[in-house]
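What follows is calculated from the coordinates using simple rules that are stated; it is not laboratory data. It should be emphasised that the depicted structure is a prediction, and the values quoted were computed from it without experimental measurement. Using ideal geometry, Cβ is built from the backbone for each residue, glycine included, and neighbour counts are taken over all protein chains shown.
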Amino acid sequence: ETGVTQSPTHLIKTRGQQVTLRCSSQSGHNTVSWYQQALGQGPQFIFQYYREEENGRGNFPPRFSGLQFPNYSSELNVNALELDDSALYLCASSQRTGQGNEKLFFGSGTQLSVL
Amino acid sequence: AQTVTQSQPEMSVQEAETVTLSCTYDTSESDYYLFWYKQPPSRQMILVIRQEAYKQQNATENRFSVNFQKAAKSFSLKISDSQLGDAAMYFCAYRRGNAGNMLTFGGGTRLMVKP
């Protein structure tokens, strides 16, 4: 039912490189958010996009950036990778109703390793 | 800033028995939602149950129920008739009312189910 897909599933990069992670939201969903989940911890909110505009950001530096496209797919870009960026990156989407009761659907994540 | 605390890193339960996972949170908001998510080895976050802060009645979903103590800022999850498939990481999460997909997660509790 969720229909949220992320690619790739695993990725290995070197410190200082740049990476792009992709997410395809469930059809009709207008809001997408990204989370970083370090090993053994809960997910941390990076940012969210609503109708292609950034609509909220967590405590992450500007080298974390994103895009949301008209077809509601999205990207997470991370520049100048650091070792601490190694984590599972989760994408989540929903159909914002304005009533606060929307259900969030998660993808299975991209496991990023920075060497 | 809102915080969510799960004080039990690991819990164990015998199959068919009942287990309770604890969660406390801190907020100055009056309009918010609380969630329990399950994360199996597939890594995909699955919504278990949701509680609206304005509702006094505790939410229930089949074998899952919560004990929502608003004044104490406590939100525990009770799993009845535990099954092997319940084994997973469980995360408590908070969201300010109408904040889209911006969730604050706790650190998680690993639930093991013994046959």
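Summary table
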| item | result |
| --- | --- |
| Dipole magnitude of chain A about its Cα centre (Cβ charges: Lys, Arg +1; Asp, Glu -1), debye to nearest 20 | 60 debye |
| Karplus (6.51, -1.76, 1.60) ³J(HN,Hα), θ = phi - 60°, over the range B:97-113, in Hz, Gly and Pro reported as x | x, 6, 9, x, 9, 8, 9, 10, 9, x, x, x, 10, 8, 9, 10, 10 |
| Spatially proximal aspartates and glutamates relative to B:Lys114 (Cα-Cα < 15 Å; intrachain offsets below 8 disregarded) | B:Glu10, B:Glu15, B:Glu17, B:Asp81, B:Asp86 |
| Net charge dipole size for chain B [Lys, Arg +1 and Asp, Glu -1 on Cβ; Debye, nearest 20] | 160 debye |
| The range B:1-104, relative contact order in percent, only Cα pairs under 8 angstrom and at least six apart counted | 34 percent |
| Shielding of A:39-47 by partner chains, average beta-carbon count, 10 Å | 5 |
| Sorted largest first, extent of chain A alpha carbons per principal axis (Å) | 42, 27, 26 |
| Average other protein chain Cβ within 10 Å of Cβ, residues B:34-46 | 4 |
| Surface/4 of the Cα convex hull for chain B, nm² | 6.8 nm² |
| All lysines inside 18 Å of B:Lys73 as judged from Cα atoms, apart from same-chain residues fewer than 8 positions distant | B:Lys55 |
| Over the range A:54-115, volume per residue of the alpha carbon convex hull, in Å³ | 111 Å³ |
| Shielding by partners - mean other protein chain Cβ count within 10 Å, residues of A:103-114 | 3 |
| Per-residue ³J(HN,Hα) for the range B:62-69, Karplus 6.51 cos²θ - 1.76 cosθ + 1.60, θ = phi - 60°, Hz, x for Gly and Pro | 6, 7, 10, 8, 10, 10, 9, 10 |
| The range A:43-110 - charge dipole about Cα centre, Lys and Arg +1 at Cβ, Asp and Glu -1, debye rounded to 20 | 240 debye |
